[in-house]
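**Q** Pasting in a structure now, in structure tokens, and then I'll have a few things to ask.
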Amino acid sequence: MKKVVLAYSGGLDTSIIIPWLKENYGYEVIAVAADVGQGEELAPLEEKAIKTGASKIYIEDLKEEFVTDYIFPTLKAGAVYEGKYLLGTSFARPLIAKRLVEIAKEEGAEAIAHGCTGKGNDQVRFELTIKALTPEMKIIAPWRIWEIKSREEEIEYAEARNIPVPVSKERPYSMDRNLWHLSHEGADLENPANEPQDDLLMMITPPEKAPDRATYVEIEFKQGIPVAVDGEALDPVELIEKLNAIAGANGVGIADLVENRLVGMKSRGVYETPGGTVLYKAHHDLELLTLDRMTLHYKELVAQRYAELVYDGVWFHPLREALDAFVNVTQQTVTGTVRMKLYKGNCVPAGTKSPYSLYSEDLATFSEDQVYNQKDAEGFINLFGLPLKVQAMMKKEAGLK
């Protein structure tokens, strides 16, 4: 019997995909569940997958690899999609797909299947990773080919095959959670005019309910990578978990945006990224202290392109790898400590220091100094402004306004 590897979450979609694959392709189905810090209890999935028809299931702990190989490179790049989105779902998908490919090769499977819909970005992210890593692999996306068109039809399909369907009341939103973030889409959020409901947030305390006193947190970076919080050295997963708790309690990290999906449509989402928001702001503040003007400004251009590559699912593209090489050179002096002040949703710097600081108090002071000769500024302005002066003279002579 030929084999297919299925990206498995244990939800309704992937639960019915198992029998569907067996019925329509005659495959042996191998389920793969990836733990990227979604906070769910993954152990029951083994029994559920087997009862639903899978021959075996892999439950993979990918949290540390997620942080070190995907989150931290994107953080160092300063990549933010459309000014708000910190790419939580985007860079989790290539990691999961990479593991699917590895297991498919180990098992000798001829195909990989996923439960992504034909409207979303995730189908692209999964499939581009598979194509990049194993171009000969067959890809099956049931939502693009089966006759099922609604959740009600999914439930009917499951009940006809004695597949248990959760009867507990579910939140009306489509959510994706991992160590970095929690996203919310659908239901009342589909109308951009609607303010998010009070009970929407799950990782973050609503800012108006956050403590009335500011919380200070100190983050230490080494070459652009966060390594300690409040003087305590932490491993990558622990560090993000700790910052999630601190920032979340202070209402920090809510992003509400209408974004441009890769597949052509706009969608509205609310993202909770508490620890990530603090890290991005602290990292940028440290770069302001340690990077020269030309490098900093060019890096901002790179950050936008990097964000698009991650969002579009081309993590394994040579351009992303080449941009990493540039970013890593810029991070050689991004070492130091940033103190952040968190208060009711706000996150602002409260002091930055680095052994590689380019800030000189002797040069910047408004007091008397012996370093900077202000008379030199006149010649600089004359030369820098010469093109403007020549253009103005030309317009005057030509009678132009």
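**Q** If you take every residue apart from Gly115 with its C-beta less than 12 Å away from the C-beta of Gly115, what net charge results, scoring Lys and Arg +1 and Asp and Glu -1?
**A** Working: positive: Arg144; negative: Asp13, Asp122, Glu154.
Summing Lys/Arg as +1 and Asp/Glu as -1 gives -2.
**Q** Compute the signed sum of charges (Lys and Arg +1, Asp and Glu -1) over the other residues within less than 11 Å, Cβ to Cβ, of Lys209.
**A** That sum, taken over residues with Cβ under 11 Å, equals -2.
**Q** Divide, for the stretch 1-105, the radius of gyration over alpha carbons by 2.2 N^0.38 Å, where N is the residue count. Working shown, then result.
**A** Working: Rg = 15.6 Å, N = 105, 2.2 N^0.38 = 12.9 Å.
Normalised Rg, Cα atoms only: 1.21.
**Q** Another question, then. Have a look at the stretch 136-227 and give its Rg and Dmax from the Cα atoms, expressed in angstrom.
**A** In order Rg, Dmax, the Cα atoms of the stretch 136-227 give 20.7, 58 Å.
**Q** Kindly express, to the nearest 10 degrees and within the range 0 to 90, the angle between helix 122-133's C-alpha long axis and the longest C-alpha principal axis of the chain.
**A** Around 90 degrees separate the two axes.
**Q** With label points built 7 Å along Cα→Cβ from the Cα atoms of His297 and Lys84, find their separation and express it in nm.
**A** 2.9 nm
**Q** Right, here's the next one. Take each of the peptides 219-225, 109-115, average the number of other beta-carbon atoms within 10 Å over its residues, and list them starting from the highest.
**A** Output ranking for 219-225, 109-115: 109-115, 219-225.
**Q** With labels modelled as points extended 7 Å from the Cα through the Cβ direction, what inter-label distance (nm, one decimal) is found for Asn346 paired with Lys266?
**A** 3.0 nm
**Q** Relative contact order for the stretch 52-201: what is it in percent, counting Cα pairs under 8 Å that are at least 6 residues apart? Let's see the in-between values first.
**A** Numbers: 106 pairs, mean separation 27.2, N = 150.
Relative CO of the stretch 52-201 lands at 18 percent.
**Q** May I ask what percent, to the nearest 5, of DSSP beta bridges between residues of the chain are antiparallel? Mind showing how you got there, number by number?
**A** On the way: 35 of 52 bridges.
Bridges in the chain are about 65 percent antiparallel.
**Q** Excluding Ser357 itself, calculate the net charge of residues whose Cβ lies under 13 Å from the Cβ of Ser357, where each Lys or Arg counts +1 and each Asp or Glu counts -1.
**A** On the way: positive: Lys353; negative: Asp285, Glu287, Asp292, Glu361, Asp362.
Local charge sum for Ser357: -4.
**Q** Further question on the same structure: Quote to one decimal, in nm, the extra length available between Glu218 and Leu358 on full extension: 0.36 nm per residue of separation minus the C-alpha distance between them.
**A** Values: separation 140, 0.36 × 140 = 50.40 nm, distance 2.06 nm.
Stretched fully, the Glu218-Leu358 segment lengthens by 48.3 nm.
**Q** Turning to a different aspect of this structure: Between 0 and 90 degrees, rounded to the nearest ten: what's the tilt of helix 318-330 against the longest Cα principal axis of the chain?
**A** The angle comes out at about 40 degrees.
**Q** Students often check this: by mean Cβ neighbours within 10 Å, which of 84-90, 236-242 ranks highest, and how do the rest follow?
**A** Values: 84-90: 21.7, 236-242: 18.6.
Listed from highest to lowest mean packing, they are 84-90, 236-242.
**Q** May I pose another question? Tilt of helix 293-311 relative to the longest C-alpha principal axis of the chain, in degrees (0 to 90, nearest 10)?
**A** Around 10 degrees separate the two axes.
**Q** Give me the three principal axis extents of the chain from the C-alpha atoms, as integers in angstrom, largest value leading.
**A** Principal axes ranked by extent give 86, 57, 44 Å for the Cα atoms.
**Q** Same structure, new question: If you average the sequence gap of Cα pairs under 8 Å that are 6 or more apart and divide by the length of the chain, what percent do you get for the contact order?
**A** Numbers: 685 pairs, mean separation 70.1, N = 401.
That works out to 17 percent.
**Q** Only Cα pairs under 8 Å and at least 6 apart count here; give the relative contact order of the stretch 167-219 as a rounded whole percent.
**A** Details: 24 pairs, mean separation 9.9, N = 53.
Across the stretch 167-219, relative contact order equals 19 percent.
**Q** Taking a cut-off of 21 Å between Cα atoms, list the lysines near Lys344, but don't count ones fewer than 8 places away on the same chain.
**A** Lys84, Lys209, Lys242, Lys281
**Q** While we're looking at this one, here's another question. What lysines could a cross-link reach from Lys131, if we take a straight Cα to Cα line under 28 Å and drop same-chain neighbours fewer than 8 places away?
**A** Cα-Cα hits under 28 Å: Lys2, Lys3, Lys22, Lys56, Lys63, Lys76, Lys98, Lys105, Lys119, Lys149, Lys266.
Read the figures in this text as sums done on the coordinates, not as results from a lab. It should be emphasised that the depicted structure is a prediction, and the values quoted were computed from it without experimental measurement. Neighbour counts are summed over all protein chains in view; Cβ atoms, including those assigned to glycine, are modelled from backbone coordinates with ideal geometry.
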